Amino acid sequence: MEVIIKYLDMGGHAAFVWPALGITALVVLVMTVTSLRSLRTSERALRAAEKQAPQRRARAQAPGTDA
Amino acid sequence: MIGLILLIRRELKLALRGGTDAVMAVVFFVLAAVLFPFGLGADPAMLPRIGGGIIWVVALLAAMLSLERMYANDHEDGSLDLLYLSPVALGTLALAKALAHWLTTGVLLLIAAPILALLYNLPASAFGALALSMLLGTPILSLVGGIGAALTLGARRGGVLLALLILPLYVPVLIFGAGAIDGAVAGRPIGPALLVLSGFLLAALALAPWATAAALRQAIE
Amino acid sequence: MQGLITYKLSCIRGERSVFSGLDLAIKPGRALLLSGANGSGKSSLMRVLAGLLPAASGHIEWEGEDISADPDAHRARVAYIGHADPLKPSLTATENLQFWAQLYGLDPVVEPALYQFSIEHLADVPIRYFSAGQKRRLNLARLAVGQNSLAGPALWLLDEPATGLDPGAVSMLANTILAHLSNEGVAIISTHGGRLDQLIADSADHLTLQTSRSGAAG
Amino acid sequence: MFHRFANPARFSRIATRILPWSAAATIAMFIIGIYYALFASPADFQQGETVRIMYVHVPSAWISMACYTFIAVMSAIALIWKHPLADIAARSAAPLGVGFTLIVLITGSLWGKPTWGTWWVWDARLTSVLVLFFLYLGHIALTNAFDNPQRGARAAAVLALVGFVNIPIIKFSVDWWNTLHQPASVTRLDAPAIDPAILTPLLLMALAFTLYFFTMLLIRMRADLNGARARALRLSAAE
């Protein structure tokens, strides 16, 4: 127990070390979540669009590829 | 060269007849600088110390006021298409626009700056540094600002966006412009700062029209 | 004499294909009247032909030579009338025309051009007092400025030039175009039908652009 | 080399195949890196335990600068060769750059308080990073400021290159300004040789952050490509 408390105290700098690491984790988490969410929404949009136009150009590519 | 002169003449004519833009920029310049002592207190010993920096910060903001319209009118009324189709290169157009902007804004700021120097109690020895740093620095504001004006053509919220893009790029001019004045106030040599500013000016003259032309090219498409 | 030819020209605006695989051939002395619904790509085609917009694929030839070989020469031969009138409100009619003439290296004597569109009485009036139709006339008068010199543009690209014109002005425009064609010039004119088409019908071919069916450009 | 990935559809396929591996590698590296950074390394004899902030601060600083370089290179490719993937890569990397720069600024501040006794020093490095942060924000704002996404991408590409030329100038100006205003009161960590006990976790965390950046970049690029494809399909269906 002693050891853990001493470790968590970070030599008296707990108030700086843990927030720094926490904020880093938070920013990384936000980046991960927004990236994954944009991937999900884009996949959903793509599936919806493919359902709307199944007969024509189902394998249409992103624009500009033949330029 | 003929194209350059032609374009500058047109810009000046338009500025002279059309607008109060330039006058507004100078009024803003003086007014904004006058606000600072109200906020910071008017200690006559402190004013000369902060004067150079404040004059330069306000000059950046004043020069930015008229940047937004630099290409916007020509973009909206189709003039930009014709300017692009003309035998004059886009880089020349960019240079002409920047020079005209400087003549209608930077020069007026340069003329108004001594008034602010008096209000800020700057020592007589600093007037030369003020004038020289403005002379070398304000054209950079117009040249670099032209890039931003061309980039934000047709953008939503163009004005705020322009400030966000351009102000970080103005940091070096601010540092050395204000540095020259501070140096003069503190009795240090001002040569190095002015030399660096001249270097920036040359670099901006060489590169900014090129970057502006690239940005205009995208705006025309 | 080959005039203007395009091969398999296509254009993408934003992420949308506006036209593709377009083959055109216009001989000197002929006009092409371009019609089509809104969004069929008339304006985009004009801008591609003027060199304002890059083509996504295909190429354009003038007198048998690819225009991308010398873009400056191509720009020099183009006279372009877009939707907006590139005129400055604070300048007079003469000053506006003179500026463009000088910038394009044309003869800066502009009175005849003003006469041609019956706005000579407005020569010294600033544009801000002009009506929309008068502004249009002045913009079209740009075409007349370079018309009679050899250096004048040979390829006219007129994007709905008759918009806002009264019947009299349409005749003036038609006469100006016909004079250009009789000088072995080429004109491409987008239109929604009307008097202008009839007036130049003898020297003109017709093309209707179909709204592009393929939205993806893959 | 670009031609292998030139086709967005092929890129999407390759990205799909790589993603599980790079995600797994990222997680593994984070576990190892965090273990070393928090438990398996000693406190610095000068800075004490606050040195642990460095293990996230310094790698983030590296990534934030590398990311801007990446955007500048992609912008050049987009402008010169008009490559659609380069636009997408630049656009996808910018928000990650903002995130990492934010980490640098905040952890730097939290490291500065116990080390220098103040939250913020107008130190040359800090000021340059702050300017970098604004350049990222401007880049993103410009990308999204136009109705035509392509126009936004191209304008942002020009801005990225202008900014890239300017970063050394800004850095140098700030250095000069700093020596003028601020006596060098800050002793930095730039000791000639870094203790391997500190270097190991530092490099491990740097590797973890790099892998993370790479994984997120792939995810964002795929999302962007999907979106473009969906828009194209919808346009063709609407007509």
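The values are calculated or read from the model by the stated rules, or taken from the named source; none is laboratory data. Quick caveat, the model's predicted, so the values are computed rather than measured. Glycine also receives a Cβ, built like all others from the backbone with ideal geometry; neighbour counts cover every protein chain displayed.
Suppose the filter is among the hydrophobic types (A, V, I, L, M, F, W, C), touching a residue at least 40 places away in the same chain (Cβ under 8 Å) and more than 8 Å from chain D (Cβ to nearest Cβ); does B:A184 pass it? Spell out how you get there, then give the answer.
Working: among the hydrophobic types (A, V, I, L, M, F, W, C): yes; touching a residue at least 40 places away in the same chain (Cβ under 8 Å): yes; more than 8 Å from chain D (Cβ to nearest Cβ): yes.
Yes: the conditions hold for B:A184.
Among the numbered criteria (1) closer than 14 Å to C:L4 by Cα; (2) touching a helix residue (DSSP H, G or I) at 6+ places or on another chain (Cβ under 8 Å), which one does C:L32 miss?
Answer for C:L32: the failing condition is (2).
In the set B:D43, B:D74, which member is of a type in the set (D, E) and surrounded by fewer than 17 Cβ atoms within 10 Å (Cβ to Cβ)? Quick ask: steps written out before the conclusion?
Numbers: B:D74 fails: surrounded by fewer than 17 Cβ atoms within 10 Å (Cβ to Cβ).
Result: B:D43 is the single residue among B:D43, B:D74 that is of a type in the set (D, E) and surrounded by fewer than 17 Cβ atoms within 10 Å (Cβ to Cβ).
Considering only residues that are surrounded by 20 or more Cβ atoms within 10 Å (Cβ to Cβ) and not polar (S, T, N, Q), which ones fall in segment C:131-145? Outline the logic, then answer.
Pass one, segment C:131-145, residues surrounded by 20 or more Cβ atoms within 10 Å (Cβ to Cβ): C:134-145.
Listed by number, the residues that qualify are C:K135, C:R136, C:R137, C:L138, C:L140, C:A141, C:R142, C:L143, C:A144, C:V145.
I'm checking my understanding of the structure. Among residues of segment D:74-85 that are in a helix (DSSP H, G or I) and more than 14 Å from D:H139 (Cα to Cα), which one is modelled with the lowest pLDDT? Before you say what the answer is, go through the steps one by one.
Going through segment D:74-85, the residues in a helix (DSSP H, G or I) turn out to be D:74-81, D:84-85.
Applying the additional criterion that residues be more than 14 Å from D:H139 (Cα to Cα) yields D:76-81, D:84-85.
Working: D:A76: 93, D:I77: 92, D:A78: 90, D:L79: 88, D:I80: 88, D:W81: 85, D:P84: 81, D:L85: 88.
For segment D:74-85, the residue satisfying everything is D:P84.
For segment C:20-117, list the strands (runs of 3 or more DSSP E) that sit wholly inside it and hold at least 3 residues that are of a type outside the set (S, T, N, Q), in contact with a strand residue (DSSP E or B) (Cβ under 8 Å, 6 or more places away or on another chain) and more than 13 Å from chain B (Cβ to nearest Cβ); which are they?
On the way: elements: C:31-36, C:57-62, C:78-81.
Because the criterion is at least 3 residues that are of a type outside the set (S, T, N, Q), in contact with a strand residue (DSSP E or B) (Cβ under 8 Å, 6 or more places away or on another chain) and more than 13 Å from chain B (Cβ to nearest Cβ), the strands (runs of 3 or more DSSP E) in segment C:20-117 that meet it are C:31-36, C:57-62.
Which number in (1) more than 10 Å from chain D (Cβ to nearest Cβ); (2) in a helix (DSSP H, G or I) marks the one condition that B:P189 misses?
Of (1) more than 10 Å from chain D (Cβ to nearest Cβ); (2) in a helix (DSSP H, G or I), only one is false for B:P189: (2).
Any idea which residue in segment B:120-155 is modelled with the lowest pLDDT, counting only those that are in a helix (DSSP H, G or I), under 22 Å from B:V185 (Cβ atoms) and hydroxyl-bearing (S, T, Y)?
B:S125
How about segment D:169-202: which of its residues are within 25 Å of D:V56 (Cβ to Cβ), at pLDDT 70 or above, more than 10 Å from chain B (Cβ to nearest Cβ) and touching a helix residue (DSSP H, G or I) at 6+ places or on another chain (Cβ under 9 Å)?
Those that are within 25 Å of D:V56 (Cβ to Cβ), at pLDDT 70 or above, more than 10 Å from chain B (Cβ to nearest Cβ) and touching a helix residue (DSSP H, G or I) at 6+ places or on another chain (Cβ under 9 Å): D:I198, D:T200, D:P201, D:L202.
If C:P126 satisfies every condition in (1) away from chain B (no Cβ under 14 Å); (2) in contact with a strand residue (DSSP E or B) (Cβ under 6 Å, 6 or more places away or on another chain); (3) not charged (D, E, K, R) but one, which is the exception?
Evaluating C:P126 over (1) away from chain B (no Cβ under 14 Å); (2) in contact with a strand residue (DSSP E or B) (Cβ under 6 Å, 6 or more places away or on another chain); (3) not charged (D, E, K, R) leaves (1) as the failure.
Identify the residue in segment A:33-43 that is facing another protein chain (nearest Cβ under 7 Å) and under 8 Å from the mean Cα position of the chain (by Cα) and, among all such residues, is surrounded by the most Cβ atoms within 10 Å (Cβ to Cβ).
Keep residues of segment A:33-43 that are facing another protein chain (nearest Cβ under 7 Å), which gives A:35-36, A:38-39, A:42-43.
Still in the running and under 8 Å from the mean Cα position of the chain (by Cα): A:35-36.
Numbers: A:S35: 23, A:L36: 14.
Restricting to residues being facing another protein chain (nearest Cβ under 7 Å) and under 8 Å from the mean Cα position of the chain (by Cα), the top hit is A:S35.
Please count how many residues of segment D:103-149 are polar (S, T, N, Q), over 21 Å from D:I169 (Cβ atoms), crowded, with 19+ Cβ neighbours inside 10 Å and within 14 Å of chain B (Cβ to nearest Cβ).
1
I'd like the full set of residues that are buried (at least 24 other Cβ atoms within 10 Å of the Cβ) and within 9 Å of chain D (Cβ to nearest Cβ), limited to segment B:167-177.
B:L169, B:P172, B:V173, B:I175, B:F176
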